[in-house]
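Undergrad: Starting off with a structure, shown below.
The values are calculated or read from the model by the stated rules, or taken from the named source; none is laboratory data. Everything numeric in this text was worked out from a predicted model, so none of it was measured. Every residue, glycine among them, receives a Cβ derived from its backbone with ideal geometry; neighbour counts consider all protein chains shown.
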């Protein structure tokens with residue numbers, strides 16, 4: 001099983017449960033969603049109908065929410081007992097039942113991950129076992145950047161299914177950047193009419209001389225977003241949107257030039273950026289800009305509602321990599337610094353982020369941003385995603401801020417997986433499957449109180465060099481499986497982890513990924529069609545820049 005459970009009894013000979021035409025799903029109150037999901041995925045793979053029923057005489061998949069499991073294992077914890085008479089799944093809450101159902105699917109074997117039966121009439125057996133399980137961290141995230149290369153809606157839904165299969169529960173949706181704006185905002189239609197398309201795209205690292213000369217773009221309608229959020233919620237995944245400010249905003253400025261520093265450059269000449277790196281064109285720190293983004297967030301809060309989900313109140317505002325050159329040259333920005341009594345341009349960015357934090361807080365929401373938002377001071381309610389190593393997360397936790405650990409040195413999955421020249425468009429550090437497996441989200445420098453501010457961990461997929469879903473798959477897997485185990489399972493210290501045992505379990509998991517159609521990197525290296533010969537990347541010995 002991946003991720004590894006807390007405990008699992010070895011299968012007992014002859015004690016397995018057989019799924020057949022008489023098998024029913026006995027779903028107690030609050031488990032109806034998991035019953036529908038099981039009926040859909042297992043029904044498709046096995047050809048069985050799995051109708052509702054009491055299972056009084058045995059032959060049932062029995063789903064229940066039990067307060068005693070919640071008290072002992074938490075709302076995402078579960079117990080799974082399999083014998084010849086029934087499969088009994090008890091969860092601490094609806095999410096716990098759902099994660100237990102994911103384990104049940106794994107126990108049925110790789111073919112349970114297919115969309116149609118391979119052999120009608122096949123005998124399906126769940127091995128007899130007893131599993132007890134609960135996650136280590138509440139935030140088990142994946143960030144997908146759809147701004148650099150657009151992922152159509154169906155691809156996003158597919159990744160939500162892949163997340164669910166690995167018990168990941170937070171989808172960080174990176175919707176805007178210099179290279180594209182991907183979400184419909186009805187009061188500002190040019191954000192998608194103009195800002196969602198670029199005329200061409202750099203192929204490879206920004207130093208590459210190669211270009212893809214066809215336009216690239218796309219966006220999600222608000223109904224697309226509602227569908228994505230609802231689909232995720234059915235899988236107990238929370239979607240956290242990111243609208244990047246005040247840097248990484250050239251696509252927005254191209255659509256609405258008045259958002260830029262018009263007293264420094266001719267913003268009407270800007271287009272959506274067609275290369276990579278950090279654009280110098282950042283938002284002007286004006287009241288007009290603030291009102292504009294308040295309008296953006298008003299619509300965003302409606303399509304990303306806060307509900308009972310643990311992290312649904314969060315809105316990510318970026319806050320990273322904001323060059324200050326234009327602000328230093330801008331009389332308007334300098335006048336704003338003087339008017340507000342600020343020390344410098346870093347404090348001006350802090351003022352910008354603090355304004356949005358107050359605006360979101362007043363509406364019952366929480367701001368989260370990359371660790372640069374610590375610079376110049378941070379409002380008490382804000383949380384930090386620590387990407388430049390551990391330092392930002394340590395500082396934030398010590399100051400009483402909640403933290404999501406996502407250091408690029410371990411969990412930036414756009415980084416290359418080996419030093420081999422066959423790796424496609426090599427970027428940044430070499431981070432192998434074992435490196436990810438030995439990632440530890442809680443720094444030893446934190447005491448118990450401070451460590452309590454570590455909400456969890458997140459893996460990030462920046463898509464500059466991932467032009468389609470096959471490239472995203474290659475970069476994500478199998479490393480995302482290792483990350484999922486780090487985020488879910490209670491593993492020993494990094495040096496003591498049984499990576500050899502994880503590799504053995506991966507031999508079965510590769511067959512599940514095959515059944516799901518995942519174009520993962522094989523352990524032996526890239527397949528011929530996964531290579532990108534002659535496309536320059538960015539191999540570095542030291543810490544690379546973020547993107």
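Undergrad: Could you list all residues from region 528-544 that are exposed (fewer than 14 other Cβ atoms within 10 Å of the Cβ) and touching a helix residue (DSSP H, G or I) at 6+ places or on another chain (Cβ under 9 Å)?
TA: As a first pass, look at region 528-544 and keep what is exposed (fewer than 14 other Cβ atoms within 10 Å of the Cβ): 528-529, 533-534, 541-543.
Selection gives 529, 543.
Undergrad: Among the listed residues 305, 285, 323, which satisfies the condition of being assigned to a loop (DSSP other than H, G, I, E, B), touching a residue at least 60 places away in the same chain (Cβ under 8 Å) and exposed (fewer than 14 other Cβ atoms within 10 Å of the Cβ)? First the steps, then the outcome.
TA: Details: 285 fails: exposed (fewer than 14 other Cβ atoms within 10 Å of the Cβ); 323 fails: exposed (fewer than 14 other Cβ atoms within 10 Å of the Cβ).
Exactly one of 305, 285, 323 is assigned to a loop (DSSP other than H, G, I, E, B), touching a residue at least 60 places away in the same chain (Cβ under 8 Å) and exposed (fewer than 14 other Cβ atoms within 10 Å of the Cβ), namely 305.
Undergrad: Would you say residue 162 is assigned by TED's automatic domain parsing to the domain that holds residue 489, over 30 Å from residue 272 (Cα atoms), surrounded by fewer than 23 Cβ atoms within 10 Å (Cβ to Cβ) and in contact with a strand residue (DSSP E or B) (Cβ under 9 Å, 6 or more places away or on another chain)? Step through it out loud before you land on a result.
TA: Numbers: assigned by TED's automatic domain parsing to the domain that holds residue 489: yes; over 30 Å from residue 272 (Cα atoms): yes; surrounded by fewer than 23 Cβ atoms within 10 Å (Cβ to Cβ): yes; in contact with a strand residue (DSSP E or B) (Cβ under 9 Å, 6 or more places away or on another chain): yes.
Criteria met by residue 162.
Undergrad: For region 295-326, which positions are touching a helix residue (DSSP H, G or I) at 6+ places or on another chain (Cβ under 6 Å) and more than 16 Å from residue 226 (Cα to Cα)?
TA: Of everything in region 295-326, those that are touching a helix residue (DSSP H, G or I) at 6+ places or on another chain (Cβ under 6 Å) and more than 16 Å from residue 226 (Cα to Cα) turn out to be 317, 319, 320, 322, 324.
Undergrad: Now for a different question. If residue 483 meets every condition in (1) surrounded by 16 or more Cβ atoms within 10 Å (Cβ to Cβ); (2) in a loop (DSSP other than H, G, I, E, B); (3) touching a helix residue (DSSP H, G or I) at 6+ places or on another chain (Cβ under 6 Å) apart from one, which number is that one?
TA: (2)
Undergrad: How many of the residues making up region 362-390 are outside any loop (DSSP other than H, G, I, E, B), surrounded by fewer than 21 Cβ atoms within 10 Å (Cβ to Cβ) and either at pLDDT below 95 or not assigned by TED's automatic domain parsing to the domain that holds residue 305 (or both)?
TA: Our first condition is that a residue be outside any loop (DSSP other than H, G, I, E, B); within region 362-390, this holds for 366-374, 383-386.
So of that shortlist, the ones also surrounded by fewer than 21 Cβ atoms within 10 Å (Cβ to Cβ) come out as 366.
Checking which are either at pLDDT below 95 or not assigned by TED's automatic domain parsing to the domain that holds residue 305 (or both) leaves us with none.
So the count comes out to 0.
Undergrad: Could you figure out which of (1) surrounded by 20 or more Cβ atoms within 10 Å (Cβ to Cβ); (2) part of a helix (DSSP H, G or I) isn't true of residue 236?
TA: All conditions pass for residue 236, except number (2).
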